[in-house]
Amino acid sequence: MGSPSSASSSTRPTLFLDVMLGKLATYLRMCGYDTAYALDRGVEDDDEILELAQKEGKTLITRDERLSERTENGILLTSLDVTEQLRELDTRGFDLSLSEPSRCSSCNGELVRNDGESPEHAPDGTQIWRCADCGKRFWKGSHWESVERTLADL
């Protein structure tokens with residue numbers, strides 16, 4: 001696989017994470033990666049995961065060695081800990097910095113910023129983004145700051 005950090009957000013690899021990597025999916029989405037997660041799709045079977053990743057042209061990220069061996073475009077992670085998983089991706093050249101909010105951390109939908117006549121703001125006055133798919137709202141609050149610290153410590 002090439003160097004993901006040198007790519008712009010529009011040419012970054014799109015990702016498909018297996019059932020063991022739900023927490024990692026949240027971090028990658030917050031970094032702006034288009035990241036499908038198997039359980040979001042109701043898929044647990046390795047054959048189905050592999051088929052969907054291939055059909056959608058996504059890079060498969062897994063902790064399952066046998067599943068990893070079955071794909072040409074896959075990444076095998078060894079750690080159980082999400083911070084260590086992020087380190088593994090960092091060493092592979094992934095840009096793991098927070099982007100302007102663009103992906104829903106819950107469903108991977110695209111976030112839209114309300115810049116209309118009456119922009120929506122969080123109680124602390126920060127801008128709010130809304131997921132175009134699930135409607136969930138996001139802003140740069142304490143969770144954002146926590147993720148930012150985790151990524152800075154890689």
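Among the residues of segment 75-128, count how many are over 16 Å from Cys31 (Cα atoms), at pLDDT below 95 and either of a type in the set (Phe, Trp, Tyr) or crowded, with 16+ Cβ neighbours inside 10 Å (or both).
Total meeting the criteria: 2.
Can you report the number of residues in segment 29-57 which are in contact with a helix residue (DSSP H, G or I) (Cβ under 8 Å, 6 or more places away or on another chain) and crowded, with 16+ Cβ neighbours inside 10 Å?
11
Counting residues that are β-branched (Val, Ile, Thr), which strands (runs of 3 or more DSSP E) fully inside segment 1-102 reach at least 2?
Answer list for segment 1-102: 59-62.
Consider only pairs whose beta carbons are under 8 Å apart and that are at least six residues apart or on different chains; among these, list those whose first residue lies in segment 64-87 and is touching a residue at least 60 places away in the same chain (Cβ under 8 Å) and among the aliphatic types (A, V, I, L, M) and whose second residue is in a strand (DSSP E or B) and buried (at least 16 other Cβ atoms within 10 Å of the Cβ).
Ile75/Thr59; Ile75/Leu60; Ile75/Ile61; Ile75/Thr62
The values are calculated or read from the model by the stated rules, or taken from the named source; none is laboratory data. Just so it is clear, the model here is predicted, and its values are computed rather than measured. In this analysis, Cβ positions are derived from the backbone assuming ideal geometry, glycine residues included, and neighbour counts consider all displayed protein chains.
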